[in-house]
Amino acid sequence: MPIGRETHLSSRRWRNDGFRYALPILHWLKINLSRFYTWVSHVDVDEQAKQYAIADFDLMWCQRYLVAYIELMTLSENPESDPWLNLRSREFGRDHNFLDILGRSLVTAVVISYSRPWSNNRGPAGRLRLPNKLFSDMAQLLKREDPEDRLLPFDHDVHKKVLGLRDKIVAHSDHSEWSFEIASSRLGTETTLKDPFTYLTLEAARQLLANTQSLRSEMNEYRRKALALCKA
């Protein structure tokens with residue numbers, strides 16, 4: 001048999017053997033890639049369930065701070081017996097405005113706890129924050145007795161205001177929010193610094209409380225679906 005024909009037949013046998021060995025390898029790759037994809041998806045869903053649970057915890061405390069703030073800022077019918085107005089220090093004198101101190105503390109706690117789920121929190125696979133899909137999903141839920149009324153009300157204006165307070169005033173001191181003036185005279189130099197901190201109005205506090213209730217309700221549904229996929 002000519003040398004060229006032997007080489008051709010040998011090459012064809014090698015190709016046939018190669019295909020025979022390649023098929024099991026391809027089958028193994030297909031099975032294990034499918035298993036790997038399932039595992040990655042499971043881990044992703046598991047992290048989502050944890051994210052919703054942590055966000056719910058933050059918003060639960062936000063609700064508690066808001067309830068305390070609304071109670072604190074609601075005027076008493078009898079100011080003389082109002083415990084907040086008459087609160088005095090037993091150790092540091094009587095010149096402390098505890099109503100102002102407690103009010104600022106609660107606003108700070110409200111802003112931080114409400115903003116946490118929307119911040120870029122560190123997760124095992126990158127940054128985590130609540131999806132904006134929450135808003136569209138909540139907007140589609142309407143009351144049966146009144147299809148024009150939303151089942152989960154959400155005020156976007158107060159939502160943006162609180163996130164803005166967090167970014168520029170509460171968690172950071174953005175210079176653009178501060179008013180700083182220097183006045184010189186023959187008597188010396190006087191500086192004036194205007195505090196940008198603002199209280200939440202009672203109306204805004206109640207709207208934010210409704211926001212947290214709606215978010216927690218929708219997130220519980222998200223978490224339920226994620227846990228169901230984890231068990232599947």
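The values are calculated or read from the model by the stated rules, or taken from the named source; none is laboratory data. On a predicted model such as this, the values are computed, not experimentally measured, just so you know. Cβ placement follows ideal geometry from the backbone for every residue including glycine, while neighbour counts extend to all protein chains displayed.
Of Leu130, Leu75, all but one fail to be hydrophobic (A, V, I, L, M, F, W, C) and more than 22 Å from Gln48 (Cα to Cα); the exception is Leu75. Checked against (1) surrounded by 15 or more Cβ atoms within 10 Å (Cβ to Cβ); (2) at pLDDT 85 or above, Glu47 meets all criteria but (2). Against the numbered list (1) touching a Phe, Trp or Tyr at 6+ places or on another chain (Cβ under 7 Å); (2) closer than 22 Å to Asp56 by Cβ, Val170 comes up short only at (1). Look at (1) over 24 Å from Tyr52 (Cβ atoms); (2) modelled with pLDDT of 85 or more and you find that Gly188 fails only one, number (2). With respect to the conditions (1) in contact with a Phe, Trp or Tyr (Cβ under 9 Å, 6 or more places away or on another chain); (2) at pLDDT below 80, Arg122 falls short on a single one, namely (1). Taken as a whole, the structure places Ala109 among residues that are surrounded by 10 or more Cβ atoms within 10 Å (Cβ to Cβ) and modelled with pLDDT of 85 or more. Any residue at all in the range 192-199 that is of a type in the set (Phe, Trp, Tyr), modelled with pLDDT of 85 or more and either under 29 Å from Phe135 (Cα atoms) or in contact with a Ser or Thr (Cβ under 8 Å, 6 or more places away or on another chain) (or both)? Yes, that holds for at least one residue. For the range 53-83, the candidate set comprises residues that are within 23 Å of Ser214 (Cβ to Cβ) and among the small types (Gly, Ala, Ser); within that set, the residue that is nearest to the chain's Cα centre (by Cα) is Ala55.
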